[in-house]
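Heads up, the thing below is written out as structure tokens.
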């Protein structure tokens, strides 16, 4: 999945996605996240959504399922610098408060602790 890059900062696993999160790619995105989580146990997952230009309802469902799954396994999910489109979409369905949101990478220290 070329729109998704991974890096491990020592505290968190950070996935950066650029482009649109729509029904056409959510299954591939889910598989990529599951593989990355299996390869990096016990670390919080951070999804950098600063370069997401559009997100539909399947993208919302993907984020909710990912957050729920991680919480159930004792891990955390944070959204890093969500774009204005992601904020608008999540805000319309009143889900911004459902997610931990970090504005900068420095804010992630609280997540790892």
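The values are calculated or read from the model by the stated rules, or taken from the named source; none is laboratory data. Owing to the predicted nature of the structure, the values given are computational and were not obtained by experimental measurement. Cβ atoms come from the backbone with ideal geometry, glycine included; neighbour counts cover every protein chain shown.
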Candidates 85, 71, filtered to the one that is modelled with pLDDT of 95 or more and out of contact with any helix residue (DSSP H, G or I) (no Cβ under 9 Å at 6 or more places or on another chain) = 85
Take the residues in region 16-27 that are out of contact with any helix residue (DSSP H, G or I) (no Cβ under 6 Å at 6 or more places or on another chain) and under 21 Å from residue 83 (Cα atoms), then tell me which one is surrounded by the fewest Cβ atoms within 10 Å (Cβ to Cβ).
-> 24
Which residues, counting only those in region 5-20, are touching a residue at least 24 places away in the same chain (Cβ under 8 Å), over 11 Å from the mean Cα position of the chain (by Cα) and either assigned to a strand (DSSP E or B) or more than 20 Å from residue 101 (Cβ to Cβ) (or both)?
-> 6, 8, 18, 19, 20
Check region 24-38 and report whether any residue there is in a strand (DSSP E or B), under 20 Å from residue 5 (Cα atoms) and in contact (Cβ under 8 Å) with a residue 12 or more places away in the chain.
-> no
Which residue, of 92, 63, 77, is out of contact with any helix residue (DSSP H, G or I) (no Cβ under 6 Å at 6 or more places or on another chain) and buried (at least 17 other Cβ atoms within 10 Å of the Cβ)?
-> 63
Subset tally (residues that are more than 11 Å from residue 33 (Cα to Cα), surrounded by fewer than 14 Cβ atoms within 10 Å (Cβ to Cβ) and either at pLDDT 95 or above or touching a helix residue (DSSP H, G or I) at 6+ places or on another chain (Cβ under 8 Å) (or both)) for region 1-15 | 1
